[in-house]
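Data first, discussion second: the structure below is written as structure tokens.
The values are calculated or read from the model by the stated rules, or taken from the named source; none is laboratory data. Source: prediction; values computed, not measured. Using ideal geometry, Cβ is built from the backbone for each residue, glycine included, and neighbour counts are taken over all protein chains shown.
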């Protein structure tokens, strides 16, 4: 009996070897592929940096290619089909939908605009600026100033125009110049511009080094008339998830898990920040982390109120006619993948 078992074992081993040599190998499940467009390199998108670095998509079998496409170009990449998802703003998605470009919001990673406006401290000192005055008074200092932002119609530009309007300033009262972070940080340092409208860690850098002063502060929900509002908003084409359900499930789950890390694991969050923004000091990154954590909701659902506030900001900034506001925001929202 022992000899028979040994013979059977040897036969099975030889059979297995012959199957391998003949090309019969066990099938390994192939990862699904997708592309995510990001409109800017800043820490409002910390959730996607964490999702990549902590392999939150990879562990689910989702191979995610991250594309850096500045401003509203990331939204256009989704509409055009060169990306499946983007992380944009509520103001961007409502503007697109109003123009017949059907997109849907799957998750809101940041529940404020995330954009703050800073001016050089030498300017605020000379004007005897009062940081405790109402925003309508504080923003008057923007008149005649040259302010950098990443692109016309992008959310930093929208916030700048809305804040200026709240102070009674017209479109020609503030000079805007499109610049990306490396350029506007250098221009700010050499006093070639007066300020900029942007997000962490850039605003924290100039405030902490003493060269900049906050005019409007997203951590306080400013501009408050439009708070809360969706930012770092995960969106896709309106018909995409119907045919790619598992891709949508995995994408949303990865970002949702990343927001949990932001809210509960400071050490991991800052380690990821250092990996991508290592040129900034620990003090700046810690301050930026606190800003992002403040803006990160406990559960990243998207609400009609957040999207309507985006519409109202668009209208106030002059990028949408008030009569073109959407009558209903529910068709833009699909929270079903947040579990």
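Residue-level analysis places residue 259 outside the set of residues that are assigned to a helix (DSSP H, G or I), exposed (fewer than 14 other Cβ atoms within 10 Å of the Cβ), touching a residue at least 60 places away in the same chain (Cβ under 8 Å) and not assigned by TED's automatic domain parsing to the domain that holds residue 209. Among the conditions (1) under 17 Å from the mean Cα position of the chain (by Cα); (2) not in a helix (DSSP H, G or I), the only one that residue 280 does not satisfy is (1). Of all the residues in the stretch 320-339, those that are assigned to a loop (DSSP other than H, G, I, E, B) and exposed (fewer than 14 other Cβ atoms within 10 Å of the Cβ) number 5.
Residues in the stretch 282-319 that are crowded, with 22+ Cβ neighbours inside 10 Å, in contact with a helix residue (DSSP H, G or I) (Cβ under 6 Å, 6 or more places away or on another chain) and closer than 13 Å to residue 93 by Cα: 306, 307, 309, 310, 311, 313, 314.
Of the helices (runs of 4 or more DSSP H) lying entirely inside the stretch 115-217, those carrying at least 3 residues that are within 24 Å of residue 72 (Cβ to Cβ) are 155-166, 181-189.
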